[in-house]
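See below for the structure under consideration.
The values are calculated or read from the model by the stated rules, or taken from the named source; none is laboratory data. As the structure is a prediction and not an experimental result, all values here were calculated from the model. Every residue, glycine among them, receives a Cβ derived from its backbone with ideal geometry; neighbour counts consider all protein chains shown. Side chains are part of the model used for accessible areas, which takes the heavy atoms of the whole protein and leaves out ligands, DNA and RNA. Shrake-Rupley method; radii C 1.70, N 1.55, O 1.52, S 1.80 Å.
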Amino acid sequence: MTAAQTGALNAEILRNLGTLAESETMLKRVAKYLRKLVKESQADPTLMTKEKFFARVDEAREEIRQGKGKRFSNPEEMNAWLNSL
C-alpha cells in the first residue's frame, strides 16, 4: 500500500470515527472490535503483507536456483525432515 493510499484510508477511518463519536454505544463497539483485530494480528505470526509474502517467494526461488532447495525421493523422507524441524 502506498503512502497516499494509507493516508486516504486513515482519513476515511477518522471521518467515520467522527460520525460514530456521537454515540457512546457505537464507540464502545468500535473499541471492542479494534481490540479483537489487534489481538488477532498479534496472535497469528503468519500474517504478512502481500509485498513481504512475494519477497519471500522470490527469495525461495533464488535459493532453489542456487541449488539450496530440498529434494525428497518419497513422502516418508519428506515427513521425517518436516518432523525434525
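Quick notes on this structure:
- Which numbered condition GLU51 fails, given (1) surrounded by 10 or more Cβ atoms within 10 Å (Cβ to Cβ); (2) more than 24 Å from SER84 (Cα to Cα); (3) modelled with pLDDT of 90 or more: (1)
- Residue within the stretch 14-30 that is hydroxyl-bearing (Ser, Thr, Tyr), outside any helix (DSSP H, G or I) and under 21 Å from the mean Cα position of the chain (by Cα) present: no
- The stretch 13-45, residues that are open to solvent by 100 Å² or more (accessible area, probe 1.4 Å) and of a type outside the set (Phe, Trp, Tyr): LEU14, ARG15, GLU22, GLU24, LYS28, ARG29, LYS32, ARG35, LYS36, LYS39, GLN42, PRO45
- Number of the condition not met by ASN10 [criteria: (1) assigned to a helix (DSSP H, G or I); (2) open to solvent by 100 Å² or more (accessible area, probe 1.4 Å); (3) of a type outside the set (D, E, K, R)]: (2)
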